[in-house]
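Participant: Dropping a structure here in structure tokens format, bear with me for questions.
What follows draws every value from the coordinates through simple rules; no lab data is involved. As the structure is a computational prediction, the values presented were derived from the model and not from experiment. Neighbour counts are summed over all protein chains in view; Cβ atoms, including those assigned to glycine, are modelled from backbone coordinates with ideal geometry.
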Amino acid sequence: MPKIPTQVKTYKNAGDYQHDVKRMSRQGWSVAGTVTNKKHHMLKKDEQEIIVTYQKVNALPQSSLPPQRAIESKPLTPAQRKRALTFILSFTGATMLVILIAIIAFAVSLSKQPSSSNTQQATTSTATSQSTTAPTTQPTTASSANGVTNGTPHIGGPMSDFYGKYGQPNNQGIGTSETWIVDQQQTVLVNATPDANAQVAGVSVTTGANWSNTQMQQYCSQFLPADASAFNSVSDLTDYHSSIGEVVMQLGASMCVLSLAQS
């Protein structure tokens, strides 16, 4: 085995050692060991020597260094290759599925958006048909015959008061009745039925909220005549005296019905 280059130096004090060890380090020498030696004198102060052993390991030829163990790569077994192939195919399939879904969703969103040319054509044809088509006679309803008034909507009053407060109905109810959605959040629907003279003969209210009978009665009381006063109450029925006659309020699960008592 080749011999490692070695030097031994003696320093009289720590300052000389600190100064020289930097120079030796720059030259490729490293400290292998240090020994402190004290010299005793009878007539003068004791002296201290620092003996340092340096070695130059980098000076060894490359062939003298211990051989490095090569990392052996073992081939995959058939079972390992099968698992790796299955994982790659599964990952690729999932990725392609996600991309396909995104493309389909994008295509569907584009198909729902009408093109500007189609919109312009539809607008043009509508305007043309409106200008050339002769006006047709619309059937006269109780609301259109009486116009819009701004009174308080109530049973026995004009149907036009409902139009004045709630605007155009959202949809037509049974027969000649009309329905308004007066509260989108609570899903409150008000339905009014006119008689032949466009006077309200019945009012019903339904709500999607979980209201108690007391809450329903308080809400539906706004559709009673101003002079109505209760004189009889049995179960979910309450009778009222008023200037237009007797009014009956029937309460149910999140609903109420106002009607005129039959004479």
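Participant: What is the spin-label model distance, in nm, from I181 to N210 if the labels are put 7 Å beyond Cα along the C-beta direction?
Facilitator: 2.3 nm
Participant: Moving to a separate point now. Return the long-range amide H neighbours of A32 (sequence gap of 5 or more, or a different chain), with a cut-off of under 5 Å between placed amide H atoms.
Facilitator: Amide H to amide H, under 5 Å and 5 or more residues apart or across chains, A32 pairs with T53, Y54, Q55.
Participant: What does the net charge come to around F231 if you take all other residues with beta carbon closer than 10 Å to its beta carbon, with K and R at +1 and D and E at -1? Please report the intermediate quantities before stating the final value.
Facilitator: Working: positive: none; negative: D239, E246.
Its environment carries a net charge of -2.
Participant: Separate question: Tell me the label-point distance for the pair A198, D16, using the 7 Å Cα-to-Cβ offset, in nm and rounded to one decimal.
Facilitator: Result: 12.7 nm between the two label points.
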